[in-house]
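**Q** So that we are looking at the same thing, I have put the structure below in structure tokens.
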Amino acid sequence: MNLKNSVALVTGGSSGIGFGIAKMLGEAGAKVAITARGKDRLMQAAAALGAHPIQADVSKEADVERTYKEVLDKFGDLDILVNNAGRGVFKPLIDMDLKGFEETFATNVTGAMLMTRVAAKIFIKRNRGNVVNISSTASLRGAPGGTAYYASKFALRGMSECWRAELRKNNIRVFLVNPSEVITNFGAASGFDQKDNASKLRPEDIAHMVKAVLEMNDRGFTPELSVFATNPAD
């Protein structure tokens, strides 16, 4: 697709991978809206990106409906949904609390479903559209402490396959992108230590791949891709 003058909606776009994707799509000529829960960071990010800010929680149905109303009122159309909003809890199974488990699934799984459900209705009417789900290499294998986060990404991967099977007949492309470790504020927010190193991935690396798969001619698409650092050092 040609990104110039396309309309993109990026959830969790105020920082990290979402900010990087919104920035790269905007630089390619797309009109971009970003969502986030926190107002201050959202407004700062939108100003830096030249994007339309929408304060919303993807796990709340009313917020999702309002998000699409704002996007359509502002831009009149939608070409791309990027499901990037995410949260994580990393604890041993015996220490896993129900609240953290449910909050992780509410954002990473339910939120992605709610956002895509509305986008799919728009895209089916247009007979074209693009859904980019930002998952993780955590969706490919389990690990200690991953009960909530890893399982949520397995679920997102499964939903992506279901949506792809449903929506291909409507010329809707569903992409799954699996980053490995990326240096963002996600680690600190999720309670695990992350050592910065120049050899590790940055948000712009993931954004580059999202842009690349979207720009492929609409007659084809890359269902899933994983992005690893070449030789990361701790």
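The values are calculated or read from the model by the stated rules, or taken from the named source; none is laboratory data. Since the structure is predicted, the reported quantities are computational estimates derived from the model, not experimental observations. When we count neighbours, we look across all protein chains shown, and the Cβ atoms used for this are built from the backbone with ideal geometry, even at glycine.
**Q** Looking at (1) under 22 Å from residue 140 (Cα atoms); (2) within 15 Å of the chain's Cα centre (by Cα), can you tell me which one residue 221 breaks?
**A** (2)
**Q** Can you tell me how many residues in the stretch 24-58 are touching a Phe, Trp or Tyr at 6+ places or on another chain (Cβ under 9 Å) and either among the acidic types (Asp, Glu) or not in a helix (DSSP H, G or I) (or both)?
**A** Step one: filter the stretch 24-58 for residues touching a Phe, Trp or Tyr at 6+ places or on another chain (Cβ under 9 Å), giving 31, 33-34, 45, 48-49, 52.
Restricting the remaining residues to those that are either among the acidic types (Asp, Glu) or not in a helix (DSSP H, G or I) (or both) gives 31, 33-34, 52.
Of the residues in that region, 4 qualify.
**Q** Which condition breaks for residue 81 when tested against (1) touching a residue at least 12 places away in the same chain (Cβ under 8 Å); (2) over 19 Å from the mean Cα position of the chain (by Cα)?
**A** (2)
**Q** Can you give me the number of residues within the stretch 188-204 that are modelled with pLDDT under 85 and outside any loop (DSSP other than H, G, I, E, B)?
**A** Result for the stretch 188-204: 3.
**Q** Considering only residues that are among the hydrophobic types (A, V, I, L, M, F, W, C), in contact with a Phe, Trp or Tyr (Cβ under 9 Å, 6 or more places away or on another chain) and assigned to a helix (DSSP H, G or I), which ones fall in the stretch 124-169? If you could, list the steps in order and put the result at the bottom.
**A** Our first condition is that a residue be among the hydrophobic types (A, V, I, L, M, F, W, C); within the stretch 124-169, this holds for 124, 131-132, 134, 138, 140, 143, 148, 151, 154-156, 159, 162-163, 165, 167.
Remaining after also requiring in contact with a Phe, Trp or Tyr (Cβ under 9 Å, 6 or more places away or on another chain): 131-132, 138, 140, 143, 148, 151, 155, 167.
Hits for the stretch 124-169 are 138, 151, 155, 167.
**Q** Could you check the stretch 30-40 and list, in sequence order, the residues that are more than 17 Å from residue 71 (Cα to Cα) and either surrounded by 24 or more Cβ atoms within 10 Å (Cβ to Cβ) or not charged (D, E, K, R) (or both)?
**A** Across the stretch 30-40, the qualifying residue is only 38.
**Q** Between residues in the stretch 154-175 that are in contact (Cβ under 8 Å) with a residue 60 or more places away in the chain and residues that are crowded, with 18+ Cβ neighbours inside 10 Å and among the aromatic types (Phe, Trp, Tyr), which pairs lie under 9 Å by C-beta distance while being six or more apart or on different chains?
**A** As it stands, the answer is 160/175, since those pairs meet every condition given.
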